[in-house]
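Here's the structure we're looking at; comments come further down.
The values are calculated or read from the model by the stated rules, or taken from the named source; none is laboratory data. Everything numeric in this text was worked out from a predicted model, so none of it was measured. FYI the Cβ positions are ideal-geometry reconstructions off the backbone, even for glycines, and counts take in every protein chain you see.
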Amino acid sequence: MPTPLTRTALLLAAAALCTTAPMAPAAAAANPCTGTVCSFAVPPGTYDIAVTLGSTTAAADTGLDVEAHRTVLAPVATAAGQLARRSVTVNVRTPESMPDGQEGKGTAGLQVHLTGKAPALATIKVTARPHTPQLLVISDSTAADWLNGPKHGWGQELPQYFRDGISVANYADSGSSTVSWLADPKLFAAVQQFVQPGDDVLIQLAHNDKTTPEATYRANLGKLVAGVRARGGMPVFVTPPVRHFFNADGTLTPTGLIVNNLGVNLPAVMRQVAASQRIPLLDLTADSAALLEKLGPNVSWPLYLGTQVTPTDSSHFTPYGATTMAGLVVKELTAAHLPAAAFLRSA
């Protein structure tokens, strides 16, 4: 039996075997991979990535992140000599994380990061994919693509649940509210132009509407809905994930349930607007509240960033927490029979 390769040797072998399909002169490269990163000089757009994972000589565990560490493929385990083929569709843009550029523009082109316990990549091929269905996310920091980490948003972890054929375009922006999304030209005015007829557009804005009066909040939701519909897209409300604030009896506090400083129950308003305007609603508030109250304050705490960085951060997620919240969104998306559900991975 051959001696199993070390992780370093596996990565060097992966880099040597990477291939790329020509899309533009700048994209052609004899070896696009260096270590655990494969880079492609492509313009903003939608692309398919086809990979062959695994090694002929050793067991491997390989996943893929792209751009601002969006998880597009959870790690796939392969035995020695086993190869697994997977395809994903990805959104490439500048800035590559948040639309207002608050984390900078990132790196030009498409960056594919190998993840997993022992990544091994046999081949990788990138091709342009025009006219692709999209699942767009309009939200705040709880869903955002965090380029620099360790925070992760649920929109950052959402792509791994989908097979190729649909692009998950996450435009969530940290610190944003319904007010800022309408007022800042880098947000809704800029993102609206990317909405295509038939696209599902997930709207989750509430965490930062701390001082927004109820009438203003309702009106702002209506403007976002009208703007999406004007482009032929389907607006879908996602109520906000809860914060980790518990009462002594193990239930969540009003702050935990996203009741704002004026006493406005923002998730309840979203439910009412959704019902009156016949908007699909994914109740992430109810689902995340049920999960936290079932787990309890201690067991549910690792979902949140406070366990790793800032002890008082009860709003933002660890990668584990963001993946869990994305899973709840997918459950609701499936139950709502949204068009995007047709692209969910079977396994």
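When restricted to residues that are in a loop (DSSP other than H, G, I, E, B), within 9 Å of the chain's Cα centre (by Cα) and under 24 Å from residue 50 (Cα atoms), region 144-170 contains 1.
Using the structure shown, decide if residue 71 is in the same structural domain as residue 123 (by TED's automatic domain parsing), assigned to a strand (DSSP E or B) and either touching a residue at least 60 places away in the same chain (Cβ under 8 Å) or under 22 Å from residue 318 (Cα atoms) (or both). Against the criterion (in the same structural domain as residue 123 (by TED's automatic domain parsing), assigned to a strand (DSSP E or B) and either touching a residue at least 60 places away in the same chain (Cβ under 8 Å) or under 22 Å from residue 318 (Cα atoms) (or both)), residue 71 qualifies.
Once region 92-131 is narrowed to residues that are in a strand (DSSP E or B) and among the charged types (D, E, K, R), the residue that is farthest from residue 175 (Cα to Cα) is 125. Tallying residues that are under 30 Å from residue 77 (Cβ atoms), of a type outside the set (D, E, K, R) and under 21 Å from the mean Cα position of the chain (by Cα) within region 107-141 yields 14. When the criteria are applied in full, residue 207 meets the requirement of being within 22 Å of the chain's Cα centre (by Cα) and over 18 Å from residue 71 (Cβ atoms). Counting only residues that are closer than 24 Å to residue 329 by Cα and buried (at least 17 other Cβ atoms within 10 Å of the Cβ), region 195-216 holds 12 of them. Every condition in (1) part of a loop (DSSP other than H, G, I, E, B); (2) in contact with a strand residue (DSSP E or B) (Cβ under 7 Å, 6 or more places away or on another chain) holds for residue 80 except the one numbered (2). Candidates in region 218-258 are the residues that are farther than 27 Å from residue 133 by Cα and within 25 Å of the chain's Cα centre (by Cα); of these, the one that is surrounded by the most Cβ atoms within 10 Å (Cβ to Cβ) is 242.
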